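The structure appears below as structure tokens.
The values are calculated or read from the model by the stated rules, or taken from the named source; none is laboratory data. These numbers come from a predicted model, not from an experiment. Here Cβ is always computed from backbone atoms with ideal geometry, including for glycine, and neighbour counts include all displayed protein chains. For accessibility, only protein heavy atoms count, side chains too; no ligands or nucleic acids. Shrake-Rupley method; radii C 1.70, N 1.55, O 1.52, S 1.80 Å.
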Amino acid sequence: MKEATQTRIVLAEDHDRVRQGIRALLEKTDDIIIVGEARNGLEALQMTKELKPDVLLLDVEMPGLNGIEVARRLKDQHTDVRILVLSAYDDQEYILELLDHEVSGYLIKGEAPEHIIDAVRGVARNEIGWVSPQVAMKLEKIKRRPGERNTLTYRELEILRWAVEEKTDEEIASHLGVELGMISEQITSVMRKLGTNSRSEALEIARREGWV
């Protein structure tokens, strides 16, 4: 197949084994070519600017900049690349926040072997809102009226996941590549939304609700 008809991909995934597995899946077809591989969010941004791929296959959980931040920056820069998100999670806030940033699709990693080629092709055809079956089922259950969104953001959920593992604020900030003060601000926001003044109670609610 001629190169002109191939879909050019930048693959952003920080885990080597997962990235190699995705590459192996995509290399089974002649109409998809991987032109670059990024191991963190900053590399994903840089490669997207330099290589100008048709599709950015973007992991949500990455060091430096996570997938949401990468998507937000590319949207702000009016980049033409179509973004297909890969995630290990099907949390509604992950999905909704990324779709809010106009990513073209959302694929659960566990479904990648069966659906990744269809997903890449669909996104390359400019199909907005392409989601895998597991995500589609999740979205059907979400009742979300305009102007109504009092749930936790992706970043707040991400910080909670680290906090329940008894990581310090310094460790969380270092892992996420953000200022230390942001961690306490986000925890405060979580407590306000959950109606508690106790950090430990907020973490317990998160465990009970199955968010972490």
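So what's the net charge close to ALA173: Lys and Arg +1, Asp and Glu -1, counting the other residues with Cβ under 10 Å from its Cβ?
Details: positive: LYS167; negative: ASP169, GLU170, GLU171, GLU179.
Charge balance near ALA173 sits at -3.
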- Under 13 Å, Cβ to Cβ, from GLN186 - net charge with Lys/Arg +1 and Asp/Glu -1: 0
- Which of LYS28/LYS109; LYS75/LYS167; LYS52/LYS75; LYS75/LYS193 have a Cα-Cα distance over 26 Å? LYS75/LYS167; LYS75/LYS193
- Computed for region 2-71: size of charge dipole around the Cα centre, +1 on C-beta of each Lys and Arg, -1 on C-beta of each Asp and Glu, debye to nearest 20, value 140
- Run the 1.4 Å probe and let me know the accessible area of TRP162, rounded to the nearest 10 Å². 60
